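**Student:** The structure that follows is given in the form of structure tokens.
Only the coordinates and a few stated rules stand behind these numbers; no lab work does. Keep in mind that what you see is a predicted model, and the values were worked out from it rather than measured. Reconstructed Cβ throughout: ideal geometry from the backbone, glycine too, with neighbour counts over all protein chains shown.
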Amino acid sequence: MFLTLLITGLAFATPREIAFSRLLPAAPALAAAMWPVLPTILLGVFCLLVMIGLSLVYSDLGTPYTAAAIIAVTLAAAYASHLRLEREETLFQVRLVADAAQKVLLRPLPRRMHDVEIESLYLAAQEQARIGGDFYEAAETPYGVRLLIGDVRGKGLAAVGAASAVVNCFRESAYDQPDLRAVIRRMEGSIARYSIATPGPDQPEHFATALIAEIPYDGGQVRILNCGHPPPLLVQRGKILVLEPTSPSPPLNLATLLGYHYSIDTITFTSGDQLLLYTDGVTETRDNAGKFFPLPDWMRQVGPTSPRELLDQLHQDLVHYSGGRLSDDIAALAVRSRHPLPQEITT
């Protein structure tokens with residue numbers, strides 16, 4: 001509207017040779033990008049009336065041609081506005097569905113389970129995305145607090161479906177399987193069945209890296225089963241430890257090719273120790289020179305901090321390191337033990 005008033009003022013205040021009135025058709029064209037259909041049409045009518053008023057002052061402005069252009073542009077702008085509103089409504093509905101899917105797959109985790117603090121982070125590589133192939137979960141089971149983090153290889157809805165199959169299987173088996181190997185075998189079978197039931201060009205890509213961690217309620221240790229996933233980092237008494245598996249375990253849906261050999265590592269995990277689980281989107285974030293994000297060095301620089309502060313700082317530094325252009329989805333869990341030390345236990 002401001003543009004229309006500006007053109008009108010200039011058209012009346014300047015000599016007719018300049019003919020600012022010829023810019024009037026631009027006003028409804030620009031309005032279509034922001035306004036609904038009716039206001040766009042009303043603006044076009046206003047521009048037409050302005051042109052008629054100018055013709056009463058200047059009789060040789062080519063009013064019929066400019067008026068015809070205003071009418072044509074207004075009709076086209078009204079149609080464009082209608083299409084834009086339809087696309088916005090469709091996008092809104094898609095986002096609602098995506099948000100609902102995210103709440104099912106990546107539901108909010110409790111900030112504390114027993115004596116374990118838990119915080120989560122999820123970043124989509126695309127700004128408009130809501131969900132992807134990265135996943136995580138936590139469960140308070142009869143065997144301790146169990147954590148899951150993983151990454152489905154593949155893109156689009158197929159990756160989301162495979163991730164959902166893995167997470168839902170973990171939610172069930174984590175409660176009734178006393179051994180982590182049994183949990184992984186159940187998850188292996190779940191993603192295999194999903195892959196068979198979902199034919200298409202993405203079917204060969206239905207495999208996932210995954211890591212399960214179990215923190216017993218009596219504290220003192222954490223058991224980790226790593227199936228081809230990036231090694232977690234452990235902050236312990238001021239030191240940063242990279243917890244590489246002592247023996248590799250196959251990613252989910254690749255056990256038939258690599259063998260059903262699952263290895264569990266047991267690591268000391270006492271009060272104040274903190275564990276960072278993450279997907280490869282963290283370590284594969286690149287700067288402008290193509291260098292990967294140095295996660296262990298970054299952890300040393302951050303120093304002791306709470307799980308929430310750690311993930312907030314990680315979020316901020318990853319975005320800054322990549323120049324705001326993340327190339328992959330990112331998921332992370334920060335876990336801190338709050339088990340009482342022996343001297344803290346009273347009898």
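**Student:** Tell me, V73, V94 in order of fewest to most beta-carbon neighbours within 10 Å?
**Tutor:** Result, fewest neighbours first: V94, V73.
**Student:** Continuing with this model, one more query. Rank the residues T66, T279 as a footprinting-exposure proxy: fewest other Cβ atoms within 10 Å of their Cβ go first.
**Tutor:** T66, T279
**Student:** Would you please classify the overall shape of segment 109-344 from the alpha carbon gyration tensor, given that a ≥ b ≥ c denote the square roots of the eigenvalues, rounded means a/c under 1.5, and beyond that prolate means a/b larger than b/c while oblate covers the rest?
**Tutor:** Verdict is oblate for segment 109-344.
**Student:** Still on this structure, please answer the following. Taking the Cα centre of segment 109-344 as origin and charging only Cβ (+1 Lys, Arg; -1 Asp, Glu), how large is the dipole, in debye to the nearest 20?
**Tutor:** 100 debye
**Student:** At a 10 Å Cβ-Cβ cut-off, how would you order W298, W35, fewest neighbours first?
**Tutor:** Least to most surrounded, the residues fall as W298, W35.
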